[in-house]
Amino acid sequence: MLIEKPTGITNYINHIFPYLKDLNNISLANKNLINSAECNYNISDKFSPDYGSKGHFLRLLWTQFKLPKIYGTLDGNLLFSPVPELPLFTPKLSKVVMVHDLIPLRFPQKKSALSAYFRYYVPQVCEQATHIICNSESTANDIINYYGISAKKITPIYLGYNFDKFKVIDDAKDINRKPYFVYLGRHDPHKNLVNILSAFAKFKNNKNYEFWLVGGEDKRYTPLLKQLARDLGVFERVEFLNYLDDQELVKVLNQAQALVFPTLWEGFGFPVIEAMACGTPVITSNVSSLPEVAGDGALLVNPYDVDDIAEAMNEIVKDKVRSHLITEGLKRVKKFSWDKTGKETLEVIKQFL
């Protein structure tokens, strides 16, 4: 699951990886995408999402038929997978998996291979796993409710963020451009961009603001969002920025008036803590993991209510509100670190060695 333009799952793997060295582990990874000195067993990069559906299919085949032979040869006694994928119906072996979210079950799409994957394969993985790690209480509840897994078999462990990169940059402000709101993420329907753009159109002072959408464009959804922006009369003030690397992203977050992230569901919600770490006020949803992550450091809204989102945008440009949220957000992110995530993950895995 390592790809050249990191997603949330890629970031999780890269940051968890160093903490597994204490286990005298054998790592299976693609040497081109991870520190080759720490990779004991090289696997093909053609199993990654960079190769689309074919990459996923090849990885699942490898997991079912090749992986059991590999750990049999290596005489391993525990298999840890940072995604919900395991070889099924194998001899007794301790197996710990990470489940990031069950969003494709909450928002199923017709004829979607991903929906079938979560409906038929992932529940088998969860049933056969010795233990499950997930990234929030919200995701734990979904695993219990959708798959009937016992809560005793699940450990929620919050994720972290890179505090060396995501931080306040004092000289980041650009006084020569219009103030802007920013959204960070994909353009999938559950990301709620239809309501977000509709709320921006209702924002009282939108003619003096811009809205920046940061995240890879999707030929299925992005053209529809651009047409919506035209229909709402705000297209000239909406920027579709595609993917940004961390250095560019940190600057964009620092300069933004606020992160607007009222998505319909998140397993965790990296953008919320990354924005708060940059001293950027946050508007996010009052559902799923987002209240867990944001705490008192954000304005929480009903993601299905356009007027509620628009009103939060009206509030968050007020100096007093912004100042309060910046202070609370910077306090809130101190609760999250990859060091904490790594150490807690290590302790769970050690229980089953």
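Annotations
- Comparison of Phe107, Phe80 shows that the only residue that is outside the structural domain of Ser288 (by TED's automatic domain parsing) and either over 17 Å from Arg59 (Cα atoms) or not aromatic (Phe, Trp, Tyr) (or both) is Phe107.
- Screening the stretch 101-159 for residues that are in contact with a strand residue (DSSP E or B) (Cβ under 9 Å, 6 or more places away or on another chain) and charged (D, E, K, R) and picking the one that is nearest to Pro82 (Cα to Cα) gives Asp101.
- Residue match in the stretch 42-62 (condition: of a type outside the set (Asp, Glu) and either in a strand (DSSP E or B) or in the same structural domain as Lys191 (by TED's automatic domain parsing) (or both)): yes
- Per-region count, the stretch 327-353, residues assigned to a helix (DSSP H, G or I), in contact with a Gly (Cβ under 6 Å, 6 or more places away or on another chain) and either surrounded by 19 or more Cβ atoms within 10 Å (Cβ to Cβ) or without any contact (Cβ under 8 Å) to a residue 24 or more places away in the chain (or both): 4
- Here Val168 passes the criteria (1) aliphatic (A, V, I, L, M); (2) part of a helix (DSSP H, G or I); (3) over 17 Å from the mean Cα position of the chain (by Cα) except the one numbered (2).
- Residue match in the stretch 261-277 (condition: under 12 Å from Tyr180 (Cβ atoms) and either assigned by TED's automatic domain parsing to the domain that holds Arg186 or in contact (Cβ under 8 Å) with a residue 60 or more places away in the chain (or both)): no
- Among the residues of the stretch 222-277, those identified as aromatic (Phe, Trp, Tyr), within 14 Å of the chain's Cα centre (by Cα) and not in a loop (DSSP other than H, G, I, E, B) are Phe261, Phe270.
- Each residue in the stretch 306-326 was checked for being surrounded by fewer than 15 Cβ atoms within 10 Å (Cβ to Cβ) and part of a loop (DSSP other than H, G, I, E, B), and 1 pass.
The values are calculated or read from the model by the stated rules, or taken from the named source; none is laboratory data. Computed from a predicted structure; not experimentally measured. All Cβ positions, glycine included, derive from the backbone under ideal geometry; neighbour counts span all protein chains shown.
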